[in-house]
Amino acid sequence: MLNETEYHLDSSEPQESSVVTMPKKNSTLDVAIDKAQEKLISLQNKEGFWIFELEADCTIPAEYIMMMHYLDDINLELQEKLAVYLRSHQSKQGYYPLFPGGEGDISCSIKVYYALKMAGDSIEAPHMTRLREYILGQGGAAKANVFTRIALATFEQLPWRGVPYIPVEIMLLPKWFPFHLDKVSYWSRTVMVPLFILCTLKATAKNPNKVNVRELFLIDPDKEKHYFPERTLLNKVFLGLDKFGRITRPLIPKKAHQLATDKAASWFIERLNGEDGLGGIFPAMVNAYEALLLLGYEKDHEHVKTARKAIDKLLVINDSNAYCQPCLSPVWDTALASLAIQEADKYKNSESLTHAYNWLKTKQLSDEPGDWRIDRPNSAGGGWAFQFANPHYPDVDDTAVVAFAMADSKLPNLDESIHRATHWIVDMQSKNGGYGAFDIDNTRFYLNEIPFADHGALLDPPTADVSARCAMLMAKVAKNHTEYLPALKRTIEYLRSEQEEDGSWFGRWGTNYIYGTWSVLLGLEQTDVAKTDPLFTKAVAYLKKVQRGDGGWGEDNQSYYDIEKFSGQYYRSTACQTAWAVLGLMAAGEGDSPEVKAGIEFILNQQLENGVWNDEGFNAPGFPKVFFLKYHGYDKFFPLWALARYRNELAKK
């Protein structure tokens, strides 16, 4: 419990003179903040940044093993450590989910099975038997998603007709054509372009041990007729075009094929991004690496060596196991850690903050080439990427958070960076007033019906969470710079249109409605929207409604599939999501509410001796329903941020 002294404040209780408590000097709250703050600062890199592990489901470590066998470049010690990790993450039911506690995912399960078989696991071993029975019970390997079927095709486990027709000649399509690279998201472009080469040239794995998984098919894969089930009328049209493309493939002139191949190679080589890798994301990096080798680049070529280094930088190798991260998150981690410690004590932590912001200033982009310039050729730039380096793809979300943190710090020599970033944010606004993470007006939803897009994550449309952080930044700096006000007004109206009936907002980049609602409330707090506005009052009612009996909040990724199951009693509370909820409530003016106090009590009770927290669940989607993440830094800075904000709220009274 908090060690407290009386302090007179207004309370939600209906009485004339109520008493709310405020922490004493050296109270439980102070001690908790000091421990968490000290621990977080101790984790700061000597260069000024923070970086924490970013963990995904078992697909990526399985793909790393498959990559080694594709190339016949097998590190047996690493392979065994990856296999240990994979075995330890199998569910009791035998399958592999996309997040802990989730339903089984057939595609992830197939890749893990293949990887473990490559690593030497007997198919008669109990864990392999249970896994195989699950896969066959779901219809077998023919029911895998497109990316898994492409992998199986490269290992000659199913025919190439079992994957979508994605010829490299797509590179020659004009911009007005219904499909064009500029019309899909950044992550789709970076994954697809080298994949065009791999699929067109029908890449074949070396597979030195000739490992196969024919036992995962219910019927002979060469006789399978249903690799592409029809989902909608539009999808049926695209399937017809897919069939037409295969039939007319022999008619494509050799010169056109070579021109398209050269254009694809030039496109991704320009964006290889050194040792940070194509797009800064694992799938694109592996595709680029394999495409370079398929095109005839030698293993000792600088492009090939650098591409492999980028992949291997993602590995997390422990004493007994290992896994591969999907990407690295130093800019995002540094911005959020900075916000937490400056909420705790801007003056005391000024040295650490100055160090962090000096590092971030070196990572700000300006006149570098970038795909976003296709729509905004006259913008001066000013964004930040998510990773150490990714100059073609600055991240709107990261940029808004970094610049807001700088503005909130009140430290000197940051104005130029803040305003370059804010001008760029204004330039990146979509027509509806909202913001995507990387792209502008990336809303051609019909493209999610093409056979390749069975994952439904081809696009980067505006979302409430990213838009809210852009509003947060614009409102913060618009107090003395009115040129940002028109864009801010449009963003607020966009957020109003996106509020759910129950008062919440969808969380695209964090789990889920708690995250989305926290994001928007923090953004709105900086604006002149009245706390009596339904934007605030409905959101407050929502957060109070879903508070759990233990005083905390919790939501897992199942809410992306079935929102009806999400109630305050369905998920376990976590320190991270409780922090989001109480930060949102305090942003809405509820700092002295009993709900906030109960949430703070929950966070305090969950703190470990070393000053941090231990939330085991996955706290963010990469792509809702497709790919989920655990940010290992979230339970280190969000609870600290919430505790510090609570102490600051009490000090105002």
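Checked against the criterion of being surrounded by fewer than 16 Cβ atoms within 10 Å (Cβ to Cβ), assigned by TED's automatic domain parsing to the domain that holds K206 and within 18 Å of F627 (Cβ to Cβ), the candidates G101, G139 yield just one match: G101. Flag: L414 matches the condition of being touching a helix residue (DSSP H, G or I) at 6+ places or on another chain (Cβ under 6 Å) and over 22 Å from W518 (Cα atoms). Cβ separations smaller than 9 Å between residues 6+ apart or across chains give the following pairs from the stretch 394-421 residues that are in the same structural domain as S352 (by TED's automatic domain parsing) to residues that are outside any helix (DSSP H, G or I) and among the acidic types (D, E): P394/E368; V396/D439.
If you scan the stretch 279-335, which residues turn out to be of a type in the set (D, E, K, R), closer than 17 Å to A389 by Cα and touching a residue at least 12 places away in the same chain (Cβ under 8 Å)? The answer is R308, K309, K313, D333. Counting the residues of the stretch 443-476 that are closer than 20 Å to E493 by Cα and part of a helix (DSSP H, G or I) gives 13.
Among the residues making up the stretch 491-530, a single one is under 21 Å from R420 (Cβ atoms) and over 23 Å from the mean Cα position of the chain (by Cα): Q526. Contact annotation: residue pairs with Cβ atoms under 8 Å, 6 or more positions apart or on different chains, pairing a residue in the stretch 562-581 that is within 15 Å of G633 (Cβ to Cβ) with a partner that is modelled with pLDDT under 95 and small (G, A, S), are T574/G554; T574/G617; Q577/G554. In the stretch 436-462, the residues that are assigned by TED's automatic domain parsing to the domain that holds I374 and modelled with pLDDT of 85 or more form Cβ pairs under 6 Å with partners that are acidic (D, E) and assigned to a loop (DSSP other than H, G, I, E, B), at six or more places apart or across chains, as follows: I440/D375; D460/D439. Assess whether S338 counts as being surrounded by fewer than 24 Cβ atoms within 10 Å (Cβ to Cβ), among the polar types (S, T, N, Q) and touching a residue at least 60 places away in the same chain (Cβ under 8 Å). In short, no.
Could you list, in sequence order, the residues of the stretch 604-651 that are of a type in the set (S, T, N, Q) and farther than 19 Å from A581 by Cβ?
Initially, the stretch 604-651 is screened for residues of a type in the set (S, T, N, Q), giving 605-607, 610, 614, 619, 648.
Matches in the stretch 604-651: N610 only.
Which one of these is in contact (Cβ under 8 Å) with a residue 60 or more places away in the chain, under 22 Å from F217 (Cα atoms) and assigned to a loop (DSSP other than H, G, I, E, B): G139, G101, G94, G48? Going through G139, G101, G94, G48 in turn, just one is in contact (Cβ under 8 Å) with a residue 60 or more places away in the chain, under 22 Å from F217 (Cα atoms) and assigned to a loop (DSSP other than H, G, I, E, B): G139.
The condition (being aromatic (F, W, Y), without any contact (Cβ under 8 Å) to a residue 60 or more places away in the chain and assigned to a loop (DSSP other than H, G, I, E, B)) is satisfied by just one residue among F506, F536: F506. For the residues S352, S366, the requirement of being modelled with pLDDT under 95 and either farther than 18 Å from R647 by Cβ or in contact with an Asp or Glu (Cβ under 8 Å, 6 or more places away or on another chain) (or both) singles out S366. Of the helices (runs of 4 or more DSSP H) lying entirely inside the stretch 257-349, those carrying at least 3 residues that are farther than 27 Å from S185 by Cα and either modelled with pLDDT of 95 or more or not assigned by TED's automatic domain parsing to the domain that holds T362 (or both) are 330-345. For the residues I74, I150, I123, the requirement of being within 24 Å of the chain's Cα centre (by Cα) and among the β-branched types (V, I, T) singles out I150. Once the stretch 341-369 is narrowed to residues that are under 21 Å from P412 (Cβ atoms), without any contact (Cβ under 8 Å) to a residue 24 or more places away in the chain and among the charged types (D, E, K, R), the residue that is surrounded by the most Cβ atoms within 10 Å (Cβ to Cβ) is K348. Annotation: of all residues in the stretch 440-453 being charged (D, E, K, R) and touching a Leu at 6+ places or on another chain (Cβ under 8 Å), the one that is nearest to H180 (Cα to Cα) is R444.
Of all residues in the stretch 370-384, which are in a loop (DSSP other than H, G, I, E, B) and touching a residue at least 60 places away in the same chain (Cβ under 8 Å)?
Scanning the stretch 370-384 gives D375, R376.
With respect to the conditions (1) within 24 Å of K625 (Cβ to Cβ); (2) within 28 Å of the chain's Cα centre (by Cα), L116 falls short on a single one, namely (1).
Considering each residue of the stretch 397-439, count those that are among the hydroxyl-bearing types (S, T, Y) and closer than 30 Å to H180 by Cβ, and give that number.
Residues of the stretch 397-439 that are among the hydroxyl-bearing types (S, T, Y), as a first pass: 399, 409, 417, 422, 430, 435.
Narrowing the set further to residues that are closer than 30 Å to H180 by Cβ leaves 399, 430, 435.
Looking only at that region, the number is 3.
Screening the stretch 142-163 for residues that are among the charged types (D, E, K, R) and part of a helix (DSSP H, G or I) and picking the one that is surrounded by the most Cβ atoms within 10 Å (Cβ to Cβ) gives R149.
Evaluating S109 against the criteria (1) surrounded by fewer than 22 Cβ atoms within 10 Å (Cβ to Cβ); (2) among the polar types (S, T, N, Q); (3) part of a helix (DSSP H, G or I) leaves one unmet condition, (1). Tell me, please, whether a residue that is in contact with a Gly (Cβ under 8 Å, 6 or more places away or on another chain), among the hydrophobic types (A, V, I, L, M, F, W, C) and either closer than 19 Å to E483 by Cβ or surrounded by 18 or more Cβ atoms within 10 Å (Cβ to Cβ) (or both) can be found in the stretch 399-419. No; the residues of the stretch 399-419 include none that is in contact with a Gly (Cβ under 8 Å, 6 or more places away or on another chain), among the hydrophobic types (A, V, I, L, M, F, W, C) and either closer than 19 Å to E483 by Cβ or surrounded by 18 or more Cβ atoms within 10 Å (Cβ to Cβ) (or both). Working only within the stretch 166-202, note down all residues that are part of a loop (DSSP other than H, G, I, E, B), in contact with an Asp or Glu (Cβ under 8 Å, 6 or more places away or on another chain) and either surrounded by fewer than 21 Cβ atoms within 10 Å (Cβ to Cβ) or not assigned by TED's automatic domain parsing to the domain that holds K111 (or both). Residue satisfying the conditions is K175 alone.
The values are calculated or read from the model by the stated rules, or taken from the named source; none is laboratory data. Please read all numbers here as calculations on a predicted model, not as lab measurements. Methodologically, a virtual Cβ is constructed for each residue, glycine included, from the backbone with ideal geometry; neighbour enumeration extends over all protein chains shown.
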